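Reviewing the structure listed below.
The values are calculated or read from the model by the stated rules, or taken from the named source; none is laboratory data. Keep in mind that what you see is a predicted model, and the values were worked out from it rather than measured. Please note: Cβ atoms are built from the backbone with ideal geometry, for glycine as well, and neighbour counts cover all protein chains shown.
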Amino acid sequence: FGENDDCIGWPLGGEGQGMPWMFQMMNESRIGTATIGLGIGSLAAQNTTAYAKERVQGPHITKMRDPDTPRVPIIEHPAVRFNLLQMRARVEGMRALMFKATFLLDEISVTDDPEMQASKQNLVDLLTPMCKGWCTEVGLEVVQTGIQVLGGVGYTKDFPMEQLYRDLRVAPIYEGTTDIQALDLVGRKMMQNQGALFVALLQQIGEFLPSLGEHPRLASLGKIYENYCDTLSDLALGTQEVMQIRGIEGVVLHATPFLMFCSSVTAGWLLLQQAVVAHDRLEKLKHEHGIGDLDTAEFLKENPQARFYENKLITTQFFVEAVIPQYEGLMAAAKRRNYDPLDIVF
């Protein structure tokens, strides 16, 4: 073992080619690690929702001054409902991103068209650091929110949340930390072929957006989302100017916030695609059951399939209006061209 006895190490590949060879293995592992973020985050969301339905605490806020009003499950409290939807929206965003990446891998494996293989592989290469970096970090955010909803017991071993956090905490570290994923995205993938991979992603999103223009339910949401795309594009185009002012250090300084924002915008695109399908399926169900707009609320309570589609639409709207802006906010320093971390003397 090591330098003892006749231990022999066999080099794989040519001299100086270790990193490129390693990354062929690492990229697959990074997708797998991203799945851990999704899986544990999803489990945390399910556990938290179940707990919130059972835990009775305090009166409903609309009757809080009535001493005789009954206590209610905490899922009826607005702050708890906000947190539960934050968790659900993030989980669905992660799942959409993972489905896209893994579906592309399946398509690559079954097509014999080299040009199509290369096109899809390019998108996978771009999505890989997003999946690994964003899904592991967002999975942790979901678990943290779950612990907060449970309160003190969420911190104890009486409930599974603290173990979920411990199990997931290593995911943003191994197989390349989140900062390494951001360097890969901004420093490598977005620079390849004069940014062709990133431009191709924006083109796909741009081709989809017109379908929301006259949509009966998603038109206004599409306009909000388009603003995020414009911001993302402006930030990417601005890297050349930053490079001239502060060099590569200035470009990668805000790489991690950019990864978080870019990933959330990409997930929003995929959720909006799902929302279009959900709307069509919901309208078809309503037509089949002879349901008018005035009867929709009762229909949603009685029909789980209709409720699924409606919840998909609500969750997508919340993701676009409430979740993406949280990651956009991380780009404030980059927008202001703040380089203080490079200038301070520690």
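Points to keep in mind about this one:
- Comparison of Glu302, Glu298, Glu328, Glu288 shows that the only residue that is buried (at least 18 other Cβ atoms within 10 Å of the Cβ), acidic (Asp, Glu) and in the same structural domain as Phe208 (by TED's automatic domain parsing) is Glu328.
- Any hit, segment 61-81, residues being small (Gly, Ala, Ser), more than 18 Å from Gly152 (Cβ to Cβ) and in a helix (DSSP H, G or I): no
- Some residue of segment 121-144 being without any contact (Cβ under 8 Å) to a residue 12 or more places away in the chain and of a type in the set (D, E, K, R): no
- Test: Gly195 is among the small types (Gly, Ala, Ser), at pLDDT below 95, surrounded by 12 or more Cβ atoms within 10 Å (Cβ to Cβ) and in a helix (DSSP H, G or I): yes
- Of residues in segment 292-326 being among the β-branched types (Val, Ile, Thr) and at pLDDT 95 or above, the one farthest from Ser264 (Cα to Cα): Ile314
- Residue check, Thr69 hydroxyl-bearing (Ser, Thr, Tyr), farther than 30 Å from Phe308 by Cα and without any contact (Cβ under 8 Å) to a residue 24 or more places away in the chain: yes
- Hits in segment 163-193 - residues which are charged (D, E, K, R) and without any contact (Cβ under 8 Å) to a residue 12 or more places away in the chain: Arg166, Arg188
- Close Cβ contacts (under 8 Å, 6 or more residues apart or on different chains) running from residues in segment 9-37 that are farther than 14 Å from Met98 by Cβ to residues that are assigned to a helix (DSSP H, G or I) and modelled with pLDDT under 75 comprise Leu12/Trp21; Gly13/Pro20; Gly13/Trp21.
- Qualifying residue in segment 11-21 (condition: aromatic (Phe, Trp, Tyr) and loosely packed, with under 10 Cβ neighbours inside 10 Å): no
- Criterion applied to Asp112, Asp184, Asp179 was being surrounded by fewer than 14 Cβ atoms within 10 Å (Cβ to Cβ) and either in the same structural domain as Gly250 (by TED's automatic domain parsing) or more than 15 Å from the chain's Cα centre (by Cα) (or both), and the one residue passing it is Asp112.
- Take the conditions (1) touching a helix residue (DSSP H, G or I) at 6+ places or on another chain (Cβ under 9 Å); (2) assigned by TED's automatic domain parsing to the domain that holds Leu259; Pro172 misses just one of them, which is (2).
- Residue within segment 228-242 that is surrounded by fewer than 17 Cβ atoms within 10 Å (Cβ to Cβ) and in a loop (DSSP other than H, G, I, E, B) present: yes
- Within segment 134-175, considering residues that are buried (at least 19 other Cβ atoms within 10 Å of the Cβ) and of a type in the set (Val, Ile, Thr), the one nearest to Gly37 (Cα to Cα): Thr136
- Residue within segment 219-238 that is more than 29 Å from Phe318 (Cβ to Cβ) and β-branched (Val, Ile, Thr) present: no
- Residue match in segment 209-216 (condition: in contact with an Asp or Glu (Cβ under 7 Å, 6 or more places away or on another chain) and touching a residue at least 60 places away in the same chain (Cβ under 8 Å)): no
- Residues (in contact with a Ser or Thr (Cβ under 6 Å, 6 or more places away or on another chain) and farther than 30 Å from Ile147 by Cβ) located in segment 16-70: Asn27
- Residue ranges of helices (runs of 4 or more DSSP H) in segment 112-191 with at least 1 members under 30 Å from Asp234 (Cβ atoms), at pLDDT 95 or above and among the charged types (D, E, K, R): 114-150, 178-183
- Among the residues listed as Thr69, Thr62, the single one being among the β-branched types (Val, Ile, Thr), over 32 Å from the mean Cα position of the chain (by Cα) and surrounded by fewer than 12 Cβ atoms within 10 Å (Cβ to Cβ): Thr62
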